[in-house]
Amino acid sequence: MSKSGGRAPFLVMAYTTSFRALLTVGLMAVAIIAATLAGSTAAATKAPVRVTFVGDSVPASIMYSPRAKSILARGLATRLDLRVCRRLATASCSYQGAAPTSALQSVESLGHALGDVLIVDVGYNESAFGYRAGIDRVMRAARAQGASGVVWVLLRETRDIYRETNAVIRSAQKRWPQLLVADWNAYSRGKPWFSSDGLHMGPSGAEALARFLRPFVFRAAKA
């Protein structure tokens, strides 16, 4: 009786200590799981990068390919404003009796709805003359409206004037660190994606362009 009576406090203390230890471990595990779930939920609910793509008839092939649009839009909130005969900052040429807005006018009209990243693929309907000033005007407008970065697509150099325009685009990086040059000319060289003019594309080219642009968009979003 006395022996068993002497052990009882020790057993109770041992049991209480073990229970507290298990409870502490259990609470820590619950906290870790909760933190992990919270992080996963936050990542899942994070707003997609908002992207506006302003271009002329060459990248407009993306609009006519559901698969290309889907490739470009995966994980992004995209707005496509791709118009035949568009120019950068001067009055656009006319197509079927109507002239589209310039790229600059398009950017300015959107305000803060422009989004996080602007893609520009314009220059096939004009010379390099005045393009430098046009880049600066578009960049100022994009930055003022909240864009963190701008992806500027190099033209395919099927003509000398496009090579000159590309040189102007490359030099703009020195003035605008938020400008990322996407060298579509080098990437697409020798590919069978193009019509007889070497510029306009069918579905396979549109899909290739969409895939090509995606890494630049995500880089520009962090600029």
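Peptides 188-199, 103-114 ranked from most to least packed by the mean count of surrounding Cβ atoms within 10 Å: 103-114, 188-199.
Within segment 87-133, the proportion of C-alpha pairs whose separation exceeds 18 Å stands at 34%.
Under a Cβ-Cβ cut-off of 13 Å, what is the net charge of the residues other than A147 that fall near it, where Lys and Arg count +1 and Asp and Glu count -1? My count for the surroundings of A147 gives +3. Kirkwood hydrodynamic radius computed over segment 48-221 comes to 15.8 Å, based on all pairs of distinct alpha carbons.
Each peptide in 201-214, 171-184 was scored by the mean count of other Cβ atoms within 10 Å over its residues; highest first, the order is 201-214, 171-184. The radius of gyration of the Cα set in segment 129-189, together with its Dmax, comes out at 11.8, 35 angstrom. Between the amide H of I119 and those of T52, F53, V54, V151, distances stay under 5 Å, these residues lying 5 or more places away or on another chain, with hydrogens modeled in the peptide plane. Our summary of shape: the Cα atoms of segment 43-137 have principal axis extents of 45, 28, 21 Å, ordered from largest down, in whole angstrom. Within the shell of other residues whose beta carbon sits under 12 angstrom from the beta carbon of V168, the net charge comes to +2, with Lys and Arg scored +1 and Asp and Glu -1.
FYI, it's all coordinate maths here, none of it is from the lab. Being a predicted model, the structure only gives us computed values, none of them experimental. Positions of Cβ are generated from backbone atoms using ideal geometry, with glycine treated the same way; all protein chains shown enter the neighbour counts.
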